[in-house]
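S.K.: To start, I am sharing the structure in question, which I have written as structure tokens.
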Amino acid sequence: MTGAPPLATGGPSEAPAAPPAEDGPAATASLWHNRDFLWFWFGETVSLLGTQITNLALPLTAINAFGATDEQVGLLRFLQLVPYLGLALLIGVWSDRMRRRPVMLGADLVRLVLLALVPLLSWWHLLNLPVLLVIACAVGIASVAFDVSWMSYVPVLVRGQERYVEASARMGASSSAAEVAGPGLAGVLVSALTAPVALLVDACSYAVSLVSLLLIRTREPRPAPAAERHLRTELRDGLGWVLGDSVLRALALIGFCCNFSMVTVWTMFLLHGTHDLHLSSTALGGVLATASVGGLVGALISRRVIDRFPLGRVYLVAQSALLLGPVLLAVAGGPRPVVLACCVLSFFTSYLGLGVAGVIIVSLRQSLTPRSMMGRMTAAFRTLLFGGGALGGLTAGLLAGWIGPGKALRVAAAGSALVVIGLALSPVVRLRSLPVLPADDPAPSPS
């Protein structure tokens, strides 16, 4: 899924006075000298690693412990992500009304408790598939609150639009590194400890994230009082900001398609690998971990590539790699080692494109949005991006149950390749550099 940090300065409702020098570094200082950003980066990196474990352990708990069908696994993935469809916009409005750090602290605490409950309920013989589905959805709700808040919070720590690409690249590298190490670690933990117990590792990762947030000293500015805001207007402004700008609108719609494709393919591969290829949890994790090196490479080279080539051209190539990667899964055949190699190469290509495109997408979103609109802009994107992922998970389960995981993979790959046509027509591909939003550019006035 695409995602990572920062933003532009802007609206009057959140424009803070310059903080004291001891609260944080100057905008021009390297992020390596920004203590608070480093704490946040560390906590989020550990948390992302834990999330990768849960992404594999939750469906394997459903499959191995309860014999879940393809449709039920798809429903599980859907419930993990569907809160983004129904709640992201409302939580985005809410997050613009208050400081973000308390929201993130609460979200980490809720996710820690919920995931720690899974092995406890399993030991007490109280865990069943309906309970697992409820926990998955509740964790998804807490994740919405965290995700909508953190992208708006990081600019408070970074302080300077010239550092957005650097911060985005660092967060992208963390996400990619977690995708490299996470699946392999998850496979080993599930094999050694069982899937429910492996979820304790993710619970511990949220504890680390919570402590890292508590160690941040930068004072977050207080938003305007809630009495000055109107829910319907704020919802309309958030969607209007994204859909009213041609670049943001294109990023959101292409992102919806990309996330639909990635989650569909990932879920179908999990089912195909388990039922048709008879891969163990360790082998599944190994394939995904090996392929995820592509995302780490993409994040690490993104800044150099963006500096050397026109921004839009880099975006076109990166997103095309993401969308065309699943074609390798569709044509995979022959001996088992060849099939596995094609699977690794397919995901490697997609993750490589995602690693580069993610940095561009986040940097564009932050550069085109004033601070007072960040929560609502992020919520609108989260609704579309994770909504695409939620629908992708549900579609994967239903389609795999109908025609089988192998055929479903080929259908998904063909649909993903067709999106490249819309990508080539996007106004984003014509950009040569990162746009700059004036520091005093206000948020849209209520109408």
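S.K.: Taking θ as phi - 60°, what are the ³J(HN,Hα) couplings along segment 38-55 by the Karplus curve (6.51, -1.76, 1.60), each to the nearest whole Hz, with x for Gly and Pro?
M.R.: 5, 5, 5, 4, 4, x, 6, 4, 5, 5, 5, 4, x, 4, 4, 5, 5, 4
S.K.: How big is the dipole moment of the chain about its Cα centre under a simple scheme where the beta carbon of each Lys and Arg is +1, that of each Asp and Glu is -1, and everything else is neutral? Debye, nearest 20, please. Let's see the in-between values first.
M.R.: Numbers: 30 positive and 23 negative charges, 101 e Å.
Rounded to the nearest 20 debye, it is 480 debye.
S.K.: To continue, here is another question. For Asp70, what is the net charge nearby, where nearby means another residue's Cβ is under 14 Å from its Cβ and Lys, Arg count +1, Asp, Glu -1?
M.R.: 0
S.K.: Could I ask something else about it? Nearest 500 deg cm²/dmol is fine: what mean residue ellipticity at 222 nm does the chain get from its DSSP H runs of n ≥ 4 alone, each adding -39,500 (n - 2.57), divided by its residue count?
M.R.: Value at 222 nm, helices only, nearest 500: -26000 deg cm²/dmol.
S.K.: Also, I was wondering about something else. Per the Cauchy relation, a quarter of the hull surface: what is the mean projected area of the convex hull of the alpha carbons in the chain, in nm²? Can you show the working numbers first?
M.R.: On the way: hull surface 79.3 nm².
Over all viewing directions, the chain projects a mean Cα-hull area of 19.8 nm².
S.K.: Right, next: Charges on Cβ only, +1 for Lys and Arg, -1 for Asp and Glu, centred on the Cα centroid of the chain; of Leu109, Ala330, Val197, which one is farthest towards the dipole's positive end?
M.R.: Towards the positive end, the residue furthest out is Ala330.
S.K.: Work out Dmax and Rg for segment 198-333 from the C-alpha atoms and quote the Rg first, both in angstrom.
M.R.: 20.9, 62
All of the numbers you see were taken from the coordinates with simple rules; none came from a lab. Here the structure is a predicted model, which is why all the values come from computation and not from measurement. Reconstructed Cβ throughout: ideal geometry from the backbone, glycine too, with neighbour counts over all protein chains shown.
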